[in-house]
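The values are calculated or read from the model by the stated rules, or taken from the named source; none is laboratory data. All figures in this text were calculated on a predicted structure; none of them were measured in a lab. We place every Cβ from the backbone using ideal geometry, glycine too, and count neighbours over all the protein chains shown. Surface areas here come from the heavy atoms of the whole protein model, side chains and all, with no ligands, DNA or RNA. Shrake-Rupley method; radii C 1.70, N 1.55, O 1.52, S 1.80 Å.
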Amino acid sequence: MKIAVFSTKPYDQTFLSLANQSFDHELVFLESRLEEQTVQLAQGFSAVCVFVNDMVNRQVLEKLSEQGIRLIALRCAGFNNVDIKAADELGITVVRVPAYSPYAVAEHTVSLMLALNRKIHRAYNRVREGNFSLEGLLGFDLHGKTVGIVGTGKIGTVVAQILTGFGCEVLAYDLSPNPTCEDLGIAYVTLDELLTQSNIVTLHCPLTPETHHLINADSINQMRDGVMLINTSRGAILDTQAVIPALKSGKIGYLGLDVYEEEGDLFFEDLSSQVIQDDVFSRLLTFPNVLITGHQAFFTDNALKNIAETTLDNITAYEKTGHCENQIKLETCCVASVDAK
Ligand code: NAD
């Protein structure tokens, strides 16, 4: 199949080209993000392949449909950036990579917890400057602390397994409890109970209309003073504006983010010579107890290999049969996502 691969970086090209030796699709790598201004680039292709910040809204889908595109292959698990209802109406099939390495994201999540707690980001800079003072670097034992996991699917479950190994008491909140977590002895509680009892709250549910700003000023108020909040799922699950006063007051004692609700204008690009125009993001960077990574939790060699192989396998299955087991079906996906900005 001739595929326009949007939002590609050199590492995408490396892993997709290597995997394609077993598939032999015609891959054309485009650096541009798919959005209304770039959708014309898909002219002449049979399918498009996109990533987390491509904007696959109704307008883009209509233009793709006019150009004869029948397949959208996501190189990721989350599909909040695709209007699934519009795709369904237009007869466009959307496939994704539902699991490529929950370990990659879970391990990064725990890295953020450990780094924030022991102030590794600050210690690194201090030692390089010959400052060996420990003042301000005091941490706490994770052992015995209560960690609340919101969403115990593939990633949340691995986080639970790691933290159980650390001797944490793990609480969970999910619409459907996971037997693997129950076997670990993890208690499922209401979201209110999780927020009020946890020393650390970590988010692993998908972004849907129901989870949009799930963590907001009210839910932050419910949390313990000095709570550690981690989000490696999707930015808009957290109301970022609400986080800033909570950081200033000390309500939130630590904030670890791998995702940000306006990340589409920032992440995956080298903007180091530019002035960041996003004042909320810039304010977050001023706090010593905030650690932000630019959507890199998935970024391991294992994950990129799996993403490339599954993406091409999905495309081949669709090409041969018109179906794919990793197809996102309107009736089974929890919502018709419209958060495709
Ligand atoms: P998953 O589908 O296996 O698990 C999601 C869990 O969330 C499910 O158990 C589901 O029941 C639960 N859930 C859904 N709606 C909920 C709600 N309203 N309240 C509470 N729980 C709810 O997904 P996963 O593979 O574990 O991935 C989780 C999320 O992580 C993805 O949706 C994606 O947004 C994000 N992600 C981020 C990265 C990254 O690099 N930062 C990489 C991969 C995935």
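Observations
- Test: Leu284 is in the same structural domain as Leu112 (by TED's automatic domain parsing), in a strand (DSSP E or B) and under 27 Å from Asn199 (Cβ atoms): no
- Scanning segment 141-159 for residues that are of a type outside the set (A, V, I, L, M) and either touching a residue at least 24 places away in the same chain (Cβ under 8 Å) or within 16 Å of the ligand (Cβ to nearest atom) (or both) turns up His143, Gly144, Lys145, Thr146, Gly148, Gly151, Thr152, Gly153, Lys154, Gly156, Thr157.
- One residue stands out in segment 187-230 among those that are part of a strand (DSSP E or B) and in contact with a helix residue (DSSP H, G or I) (Cβ under 7 Å, 6 or more places away or on another chain): the one that is farthest from Glu261 (Cα to Cα), namely Ile200.
- Candidates Arg75, Arg96 - the one that is open to solvent by less than 50 Å² (accessible area, probe 1.4 Å) and under 17 Å from Leu312 (Cβ atoms): Arg75
- Residue count for segment 141-156, restricted to those that are more than 15 Å from the chain's Cα centre (by Cα), open to solvent by 10 Å² or more (accessible area, probe 1.4 Å) and not aliphatic (A, V, I, L, M): 5
- The set of residues in segment 231-241 being assigned to a helix (DSSP H, G or I) and over 21 Å from Gln277 (Cβ atoms) consists of Ile237 alone.
- All helices (runs of 4 or more DSSP H) inside segment 1-118 with 3 or more residues being of a type in the set (S, T, N, Q): 10-20, 102-118
- Just one of (1) surrounded by fewer than 18 Cβ atoms within 10 Å (Cβ to Cβ); (2) without any contact (Cβ under 8 Å) to a residue 60 or more places away in the chain; (3) on the phi < 0 side of the Ramachandran plot fails for Gly250. It is (3).
- Of all residues in segment 111-121 being hydrophobic (A, V, I, L, M, F, W, C) and surrounded by fewer than 21 Cβ atoms within 10 Å (Cβ to Cβ), the one that is farthest from the ligand (Cβ to nearest atom): Ile120
- Tabulated pairs, segment 82-105, first within 15 Å of the ligand (Cβ to nearest atom), second in a helix (DSSP H, G or I) and of a type in the set (D, E, K, R), C-beta under 7 angstrom, 6+ apart or interchain: Ala99/Lys154; Pro102/Lys154
- Residues located in segment 250-281, provided they are hydroxyl-bearing (Ser, Thr, Tyr) and assigned to a loop (DSSP other than H, G, I, E, B): Tyr260, Ser272, Ser273
- Residue list for segment 300-321, restricted to those being open to solvent by 20 Å² or more (accessible area, probe 1.4 Å) and closer than 21 Å to Ile69 by Cβ: Thr310, Asp313, Thr316, Ala317, Tyr318, Glu319, Lys320, Thr321
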